[in-house]
1. Looking only at the stretch 143-158, which residues are part of a loop (DSSP other than H, G, I, E, B), open to solvent by less than 40 Å² (accessible area, probe 1.4 Å) and farther than 22 Å from Glu398 by Cα?
2. Pull up the stretch 258-285, narrow it to residues that are of a type in the set (Asp, Glu) and not in a helix (DSSP H, G or I), then point me to the one that is modelled with the highest pLDDT.
3. If Asn140 passes every condition in (1) under 24 Å from Trp400 (Cα atoms); (2) modelled with pLDDT under 95; (3) in a helix (DSSP H, G or I); (4) not aromatic (Phe, Trp, Tyr) but one, which one does it miss?
4. Out of all the residues in the stretch 286-303, is one or more under 20 Å from Thr150 (Cα atoms), assigned to a loop (DSSP other than H, G, I, E, B) and either touching a strand residue (DSSP E or B) at 6+ places or on another chain (Cβ under 6 Å) or at pLDDT 90 or above (or both)?
5. Which residue, of Ala192, Ala223, Ala237, is small (Gly, Ala, Ser) and out of contact with any Pro (no Cβ under 8 Å at 6 or more places or on another chain)?
6. Of a type in the set (D, E, K, R), farther than 17 Å from Tyr131 by Cα and either surrounded by fewer than 21 Cβ atoms within 10 Å (Cβ to Cβ) or at pLDDT 95 or above (or both), is that true of Lys100?
7. Any chance the stretch 179-188 includes a residue that's hydroxyl-bearing (Ser, Thr, Tyr) and open to solvent by less than 10 Å² (accessible area, probe 1.4 Å)?
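The values are calculated or read from the model by the stated rules, or taken from the named source; none is laboratory data. These numbers were taken from a predicted model, which means no experiment stands behind them. FYI the Cβ positions are ideal-geometry reconstructions off the backbone, even for glycines, and counts take in every protein chain you see. Just the protein is used for accessible areas: all its heavy atoms, side chains included, with ligands, DNA and RNA removed. Shrake-Rupley method; radii C 1.70, N 1.55, O 1.52, S 1.80 Å.
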Amino acid sequence: MVSSKDIRLAAKLVKDVLASRKAQRLLTERLSARGPLPAHRYKIAVYFADGPVNLYQMRQWYKPLAKLAETWPVVVLSRTAGGTLKLLEESPVPVAYVRKIVDLERLIAEQDIRIVLYVNQNSRNFQMMRYGRRWHVFINHGESDKMYMTTNQFKAYDYSFVAGRAAVARLGKVLWDYDFDKRAITIGRPQADHYSGQLPYTPDERTVVLYAPTWEGDRAAAAYGSVATHGVSLVTALLQSPRHRVIYRPHPRSGVVDHAYGQANKQIMAAITAANERDAGAQHIIDTGADLGWQLSAADVAIVDISAMVYDRLASGRPLMVTRPQNPLAAIDTSGYLSDCEWLATGDTAGIVETLDELMSDDTAEVRLHAWVEQYFGDPTPGAATARFHGAIGHLLEEWDRFAALHADDDAGLVEFEDVSEIDEV
């Protein structure tokens, strides 16, 4: 007997195939109209092997990369048709489509790539990392205390750019025989220098609450998502308050694994739409846009799950609460900020209005918060993180020159590429 789940999976498969073919056709047309990228221009590349669903990992780097490109031109190496289409629309720096390994090798031969930046741990990163004579640098797509942040995969890269002392301490507990002084370079949170943007509402006396949950996770240890456990109740309570405005920013992967989680996400959005229909002046927001920045600076208080959003918000130095996972198997690192944060349990969501009133008038909580900001990101002065990011890139380019000189007499006939014309994307 065919289950409803099987039917949904089959329908999704057909939809994905049709979307892939359409994306490939559109992409071919756009790339033909654009023409080739200029040769021998780019020394810095960002490698992205994922599709549109994970573009949030790239989006948070758009503004820092655009600023970096004012000094050193940057190119994005994109491996999928759907991801490339979106990147061509959104990315402030040029994008190269390198679907096949042979495409990747052709681009490497045409450019002088010396630094390759990686925003995630996609297994296809290794298809790029096979090429030596360049620095492979993990920059991640956020700072958090999730289990993902302590993976031994950090060792695969020549260097990693991390936020601050907290990241080094976290990694120090799990990475054995790792040269932190050389390979872990602290840069702060350069994204925080770009927390700005046009507000989609007219500011007034309402307290603005950002609720930005993560997705449900693919295993119990990573079950940090709160939409189905906290979200419906706390958003319902906030929508009933005439003193609050909700900015709901759902994770783009909400419901990918758990259908019920996806339904709860839809229930929250429907409730917000209905609340705005009842009172247009409430101006509650469903935020699914690509830009992340204005939400973090505009919100008077934020409610987030254990994810990079905790630390995106922490970098702003403004009040926040963290939802406590309901699943007892969810891994929580309580050695850092999560040992001292403001937790929101499932049983506290109905009284969220009173809880937020207390938090925003608590001077002790504010002092504690600022101490953690310095621990995680170093100097929070506007522009300081951007300067450290650029300094780290400049340092690695100098190191490249130094090693290139040391190896100038190496075998000039060394073949770095092989015949892979038959190899397609995995």
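1. Answer for the stretch 143-158, where residues must be part of a loop (DSSP other than H, G, I, E, B), open to solvent by less than 40 Å² (accessible area, probe 1.4 Å) and farther than 22 Å from Glu398 by Cα: Glu143, Ser144, Asp145, Thr151.
2. Asp279
3. (3) is the only condition that Asn140 fails.
4. No; the residues of the stretch 286-303 include none that is under 20 Å from Thr150 (Cα atoms), assigned to a loop (DSSP other than H, G, I, E, B) and either touching a strand residue (DSSP E or B) at 6+ places or on another chain (Cβ under 6 Å) or at pLDDT 90 or above (or both).
5. Ala237
6. no
7. No, every residue in the stretch 179-188 fails to be hydroxyl-bearing (Ser, Thr, Tyr) and open to solvent by less than 10 Å² (accessible area, probe 1.4 Å).
Here's the yes/no breakdown for (1) hydrophobic (A, V, I, L, M, F, W, C); (2) open to solvent by 40 Å² or more (accessible area, probe 1.4 Å):
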| site | (1), (2) |
| --- | --- |
| Asp218 | no, yes |
| Ala221 | yes, no |
| Ala237 | yes, no |
| His244 | no, no |
